[in-house]
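Written below as structure tokens is the structure these notes are about.
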Amino acid sequence: MEEKTVAMIIMAIPIVMFIVLGIVLINGKGSSLIAGYNTMPKEKKEKYDSIALSKFMGKMMFALSFCMLLWIVSIGYESNSLFIIGLALFIGIVLFTIIYINTNNRFKK
């Protein structure tokens, strides 16, 4: 196989995993897969809206999948600018997610 094809297939594996996880989370399920939430005591978990948190994280997984898709496209078109745009968006979305979740008690009941 060609080197670019192998790289694209390898990059597709985490994208598919993120999309599957996004589907699980967007349906309000899988809150136990969210880091930090799964280690909380039961009393503390009851204070949070796990469905809203799961749906938000599902949307973020889809956004991150799109960013990683830009990485694959950059390999196909041999365009470093697409990779840089995808990477900048990826980092921006991760930072936004961390800040959004940890401010203003957004997911508390």
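Throughout, read-outs are computed from the coordinates displayed, never taken from laboratory work. Just so we're clear, the structure is a prediction, and the values are computed from it rather than from any experiment. No Cβ is skipped: glycine too gets one built from the backbone with ideal geometry, and neighbour counts run over all protein chains shown.
Summary of computed values
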read-out: Candidates 26, 75, 91 - the one that is among the β-branched types (Val, Ile, Thr) and out of contact with any Lys or Arg (no Cβ under 9 Å at 6 or more places or on another chain); value: 91
read-out: Failed item in (1) closer than 30 Å to residue 4 by Cβ; (2) surrounded by 15 or more Cβ atoms within 10 Å (Cβ to Cβ); (3) free of Cβ contacts under 8 Å to residues at least 60 places away in the same chain, with residue 91 passing the rest; value: (2)
read-out: Counted residues, the range 14-25 - those being free of Cβ contacts under 8 Å to residues at least 40 places away in the same chain and surrounded by 18 or more Cβ atoms within 10 Å (Cβ to Cβ); value: 1
read-out: Sole residue being free of Cβ contacts under 8 Å to residues at least 60 places away in the same chain and either surrounded by 13 or more Cβ atoms within 10 Å (Cβ to Cβ) or not in a helix (DSSP H, G or I) (or both), chosen from 81, 74, 32; value: 74
read-out: Residues located in the range 72-109, provided they are under 18 Å from residue 59 (Cβ atoms) and touching an Asp or Glu at 6+ places or on another chain (Cβ under 6 Å); value: 107
read-out: Test result for residue 40, assigned to a loop (DSSP other than H, G, I, E, B) and under 30 Å from residue 109 (Cβ atoms); value: yes
read-out: Filtered residues of the range 94-107 (kept if of a type in the set (Val, Ile, Thr) and free of Cβ contacts under 8 Å to residues at least 12 places away in the same chain); value: 98, 99, 103
read-out: Residue in the range 45-60 that is exposed (fewer than 13 other Cβ atoms within 10 Å of the Cβ), out of contact with any helix residue (DSSP H, G or I) (no Cβ under 8 Å at 6 or more places or on another chain) and not aromatic (Phe, Trp, Tyr) present; value: yes
